[in-house]
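Notes for the one structure printed next.
The values are calculated or read from the model by the stated rules, or taken from the named source; none is laboratory data. Note that the coordinates shown come from a computational prediction; the quantities given were computed from them, not determined experimentally. So basically every Cβ, Gly included, is an ideal-geometry build from the backbone, and we count neighbours across all protein chains shown.
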Amino acid sequence: MDVLVTGGAGFIGSALVRHLLDESDCRVVTVDKLTYAANPLTMAELSDHPRHVLEQVDIAEGGALAALFERHRPDRVIHLAAESHVDRSIDAPADFIRTNIEGTFRLLEAARTYWEGLAGPRREAFRLVHVSTDEVYGSLGSDGLFSETSPYAPNSPYAASKASADHLAAAWHATYGLPVIVTNCTNNYGPRQFPEKFIPLFILNGAAGLSLPLYGDGLNVRDWLYVDDHARALALVAARALPGSHYMIGGDAERTNEEVARAICAQLDEALPDSPHRPHARLIAPVADRPGHDRRYGADFSRLTADLGWRPTETFTSGLARTVRWYLDNPDWCAACGGGARQRRGLGAIR
């Protein structure tokens with residue numbers, strides 16, 4: 001089986017690519033524009049794998065996508081390519097409109113043309129998994145969880161662009177019959193996440209004795225999903241879910257941002273007993289809240305458990321310990337992020 005993974009050089013995408021190569025005998029085609037968030041060392045780990053191919057393509061370029069489908073003839077497409085950083089979407093929304101909306105449209109059209117040219121079992125077996133976020137649903141109150149039937153209410157340019165992409169994916173299934181499956185996940189964390197994001201930002205800032213900028217009162221709540229658990233879920237959905245289905249994917253690990261910050265500091269205190277910056281919690285510094293900052297997210301993933309038997313295997317405590325250790329043990333990867341060092345000094349990014 002050939003699987004085409006868009007955004008496969010990114011954080012979640014590369015975890016999925018590694019999972020597919022390690023846990024199956026499929027051939028994987030990574031399609032990625034290789035923007036600032038695609039660390040070259042991540043792809044270097046896969047450069048000699050006999051069942052992996054990297055194609056540097058912008059998904060908003062329809063002609064290039066069509067050529068990819070004809071060249072590689074995939075059986076599955078898992079679509080992760082996206083601009084994903086909320087702070088950047090506030091400053092430069094046009095990039096998010098182009099990649100997340102236009103890019104998804106171009107991919108759906110290229111996939112539809114290709115799928116319509118298939119026949120027999122290959123046509124029946126083809127699937128396209130569109131990967132999205134819980135941010136499309138807006139903000140939860142103090143109780144309850146998002147589910148597959150929750151109304152869309154995006155509050156940031158990023159969330160609005162992903163909501164638009166979700167609707168396009170669902171419409172291409174309803175209108176054209178394209179066998180699409182939509183997933184919406186909670187906040188991912190783990191090794192190889194670009195250092196502008198909350199958890200790696202705080203790990204690297206804290207280890208360096210830099211300020212840990214925490215938005216607002218620190219009481220915004222997110223559910224945290226370890227990236228390898230997410231990769232397992234996506235592979236399972238691509239293999240077994242029915243066309244037109246929709247699944248929430250969560251980590252069953254809600255925490256306030258302050259709780260996450262203090263947990264990171266505690267892990268750093270333990271991992272770096274001789275650090276002059278201990279206790280690292282004294283580096284936490286509240287900063288002005290960002291515009292449109294949703295108060296709480298949480299996901300009911302019981303449908304995925306009932307239908308396909310998936311549950312997260314990593315707890316937040318164990319996953320965070322693995323994540324902190326990985327960043328401390330991989331300074332070369334962090335240095336290769338280039339502009340990430342400037343981002344670590346300047347952003348208190350939550351997602």
* Residue that is nearest to residue 143 (Cα to Cα) [pool: residues in segment 254-264 that are surrounded by fewer than 23 Cβ atoms within 10 Å (Cβ to Cβ) and touching a residue at least 40 places away in the same chain (Cβ under 8 Å)] -> 254
* When you go through (1) touching a helix residue (DSSP H, G or I) at 6+ places or on another chain (Cβ under 9 Å); (2) at pLDDT 95 or above one by one for residue 45, which number turns out not to apply? -> (2)
* Selection count where residues are part of a loop (DSSP other than H, G, I, E, B) and under 23 Å from the mean Cα position of the chain (by Cα), scope segment 127-143 -> 3
* Select from segment 286-308 the residues that are free of Cβ contacts under 8 Å to residues at least 60 places away in the same chain and either touching a Ser or Thr at 6+ places or on another chain (Cβ under 7 Å) or part of a loop (DSSP other than H, G, I, E, B) (or both) and list them in ascending order. => 301
* Asked: Which residues, counting only those in segment 25-53, are more than 21 Å from residue 195 (Cβ to Cβ) and among the basic types (Lys, Arg)?
  -> 27, 51
* To do: At least 3 residues that are surrounded by fewer than 17 Cβ atoms within 10 Å (Cβ to Cβ) and of a type outside the set (Phe, Trp, Tyr) in each: list the helices (runs of 4 or more DSSP H) lying fully within segment 1-91 that qualify.
  => 40-44, 62-72
* Asked: What about residue 105, is it within 22 Å of the chain's Cα centre (by Cα) and farther than 30 Å from residue 45 by Cα?
  -> yes
